[in-house]
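Each reported figure results from applying straightforward, stated rules to the coordinates on display, with no laboratory input. If you're wondering where the values come from, they're calculated on a predicted model, not measured in any experiment. Here the Cβ positions follow ideal geometry from the backbone for every residue, glycine too, while neighbour counts run over all protein chains shown.
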Amino acid sequence: MAHRIKPFHNDKTGPALYWVTFVLACLGVLDDIYLLVYKLTNNSAMCLGNGGCHDVNFSTYSEIGGIPLSVFGIITFLVIAGILFLEPRLKIAKENGSLAIFGISLAGVAFTAYLTWLEIYVIHAICPFCVATAVIIALIFILAIIRLFKQPAL
């Protein structure tokens, strides 16, 4: 009986995609912690010269049910980092981690696109730290797509 020959796949970008995604998730956590500290302390010096931070972070759109949006960002980035941490350790995370990160980052991109629209057209102010969060989640989304296409069939 003939055995199937597994195709030789020597793709060395997998670990790089993994680590770049992990580092971006950590940067996202730090960025959102900064936004949360700013929200809780109302320290205008943290705006770094841009008055848009205050307008955005203290607008009616900066909370959901009294919870600052930065808390949701922290949770999102921690979940992504947690999935990445578990991928080499758990079979289910290895098999489904890329798809889970894709779904989470897709929702994050959609939500930050809405928030960016609010900043530009409703609040008329831009918070550079909020933009950083949007860019980070967009980069994670792009990397998630690449990881999905490069993921070997299990």
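Couple of notes before you dig in:
- For segment 4-154, lysine pairs separated by 8 or more sequence positions, or belonging to different chains, with Cα-Cα distances below 24 Å total 8.
- Span-like helix check, the chain: qualifying full DSSP H segments, with Cα axial length of 27 Å or more and mean Kyte-Doolittle of -0.5 or more, are 13-41, 91-117, 128-150.
- Cut-off 13 Å between beta-carbons: net charge of the residues surrounding Ala125, Lys and Arg +1, Asp and Glu -1: -2
- For a 4.7 Å threshold on C-beta separation, the list of partnerless cysteines in the chain reads Cys26.
- Among Ser62, Ser70, a tally of other beta-carbon atoms within 10 Å of each Cβ gives an order, fewest to most, of Ser62, Ser70.
- Only the Cβ atoms of Lys and Arg (+1) and of Asp and Glu (-1) were treated as charged; on that basis the dipole of segment 15-150 about its Cα centre amounts to roughly 500 debye.
- By the count of neighbouring beta-carbon atoms within 10 Å, fewest first, Cys53, Cys26 end up ordered Cys26, Cys53.
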